[in-house]
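Report on the following structure.
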Amino acid sequence: SVPVSELVAVREEEEENRDDGSWKKIKESEGQDCGQAFTVLYVERCQRHRWRCAEVTFACADEALCQLWVSSIREQLATNTSRPEHLLVYINPCGGKRKAEHIYELKVAPLFARAGIRTHVIVTEYANHARDHLKTEAELKKFDGVVCVGGDGMFSEIIHGLIWRTQIDNGIDLNCPEETLLPCSLRIGIIPAGSTDCICFATVGTNDPVTSALHIIVGDSQPLDVCSVHHNSLFLRYSVSLLGYGFYGDVLTDSERKRWMGPARYDLSGVKMFLTHHYYEGTVSYLPARDAIGTPRDAARCRSGCAVCKHNGEKLSETAERYKMDGALDSGDHESDSEWRTIRGKFLAINGASMSCACPRSPKGLSPAAHLADGTTDLILVRKCSRFDFLRHLLRHTSKDDQFDLNFVEVHRVRRFRFTPRHCQSDSDLELDLRESGKRQIFSQICRDHPACGCTPAYSSWNCDGEILTHTAIDVRVHCQLIKLFARGIEEPTVFEDLA
Ligand SMILES: Nc1ncnc2c1ncn2[C@@H]1O[C@H](COP(=O)(O)OP(=O)(O)OP(=O)(O)O)[C@@H](O)[C@H]1O
Ligand SMILES: CCCCCCCCCCCCC/C=C/[C@@H](O)[C@H](CO)NC(=O)CCCCC
Ligand SMILES: [Ca+2]
């Protein structure tokens, strides 16, 4: 049996429609003159979270009965209001291996057509084309969802456009980090065609265009946390996957110069930055997610229908409602300032992982137990250590071992965090080591220009979902379930899959 929710479409068969002769074969084997036949297209699960569109043809002697089946199935599909009928599709022809247009035309468009989905397709002509179109031009009321054909950078454009539009339409000040943002109503579908495709991989379990298209067709819905990143009262960006300073910031900065290499640029820059082994000094403060269930070192994973996300999401909205009823000013996260904790030190990497960040390079991700929609991010601090130890930590991104079980790594589940590099610290902090700081600033400038000298520069950059941030001192806040995807989270393997 197949649940109606996983049917793709139903098609009436006409003899001449079947090039492969299979419909004729059915007629012959039944040994009778079948009045008609119809084909049901449905989701079939394959290995490693992949979905395929399978079909089965039913032949029927009674034409009226056949018609009844077809119309009943169509009726059932039409009553399912979560299925999209009209989609706005953005294709980035320049991401990943530059195959996005081809992937869409060959693998996705035919499936949408079979499922009766209408589309308005825009092939982007320049960076931020999709973002700006969504911000100002797109007639969003006409659509049931937005589809992004590209990588994580393209997805980032889409969420920036949609979140911006939703807040501006409702008079919300984006530059104020304390503002509670309004969730976006349109769901987003990701057809993976980038270099990392981390957001697709971590929400579906695979980066496969057909699987993603089927999740869109059946109208899946997966809420997702979004971090807002501010510098004082200036809005910088949103992030849903990785906010990384130090190692991942440096890998990204170095790899941008090698964009022509395609996805392999990350491997080369990864090895180079590992050998460079820069560490950075600064202060990290964070607000622990005290009242949330789950920890970053749980054995349990965020999976389809996750109970942790459901519980924490409901609890946060109840708390927000209570605050509203009490007439209290919106304090953002409703936690007191006394809860903030501060850590100063020398770090090889500071990573905020709002989701696992699983991707083909790291199938478990940077924080395997992170949740997609629990209103928290996992703050991972990797302190200065030897190259050998750092390699042990990095290799654990690719193995089964606990990457946090090392004495130079710590992890905290948080609602907010701030970072200030050493050279941006307060006057009183700086007074303590003014002389040394002066010397270092001069040296760090020289070292940026001459990396071969081996000195550690004062600043790294933030890698925000694969985009470089312009500021190093940042204030990050998680907004629980701000957007929704056409996905359902990673499914537990089914019995059928195990047998396959
Ligand atoms: N027509 C275009 N020309 C040039 N750049 C574009 C165009 N459309 C979008 N972009 C930009 O291309 C960048 C990379 O795109 P995308 O995310 O699709 O691929 P990627 O970087 O290879 O993959 P990933 O982000 O998964 O590593 C994005 O920052 C996006 O803003
Ligand atoms: C000696 C070297 C050992 C290397 C160990 C492998 C570790 C791989 C971990 C990969 C984690 C990816 C996290 C995802 C980040 C995305 O938001 C971002 C945008 O696509 N991708 C990168 O920044 C691309 C970052 C790629 C880094 C390699
Ligand atoms: Ca989260």
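The values are calculated or read from the model by the stated rules, or taken from the named source; none is laboratory data. Since the model is a prediction, treat every value here as computed from it, not as a measurement. For neighbour counting, all protein chains shown are included, and Cβ atoms are generated from backbone atoms with ideal geometry for every residue, glycine included.
Taken over segment 78-96, the criterion of being loosely packed, with under 14 Cβ neighbours inside 10 Å and of a type outside the set (A, V, I, L, M, F, W, C) is satisfied by Thr79, Asn80, Thr81, Ser82, His86. Restricting the search to segment 248-289, which residues are part of a helix (DSSP H, G or I), more than 11 Å from ligand 1 (Cβ to nearest atom) and of a type in the set (D, E, K, R)? Hits for segment 248-289 are Asp250, Asp254, Asp267, Lys272.
Annotation note: Cβ proximity below 7 Å between a residue of segment 65-92 that is hydroxyl-bearing (Ser, Thr, Tyr) and a residue that is surrounded by fewer than 12 Cβ atoms within 10 Å (Cβ to Cβ) and modelled with pLDDT of 95 or more (sequence gap 6+ or interchain) occurs for no pair. Considering the conditions (1) in a strand (DSSP E or B); (2) within 17 Å of Gly219 (Cα to Cα); (3) modelled with pLDDT under 95, Ala59 is excluded by exactly one of them, (2). Number of residues in segment 366-389 that are over 26 Å from the mean Cα position of the chain (by Cα) and within 16 Å of ligand 2 (Cβ to nearest atom): the value is 5. Among the residues of segment 101-153, those that are assigned to a loop (DSSP other than H, G, I, E, B) and closer than 22 Å to Ala54 by Cβ comprise Ala115, Gly116, Ile117.
Within segment 35-52, the presence of a residue that is of a type in the set (Gly, Ala, Ser), modelled with pLDDT of 95 or more and surrounded by fewer than 18 Cβ atoms within 10 Å (Cβ to Cβ) is excluded.
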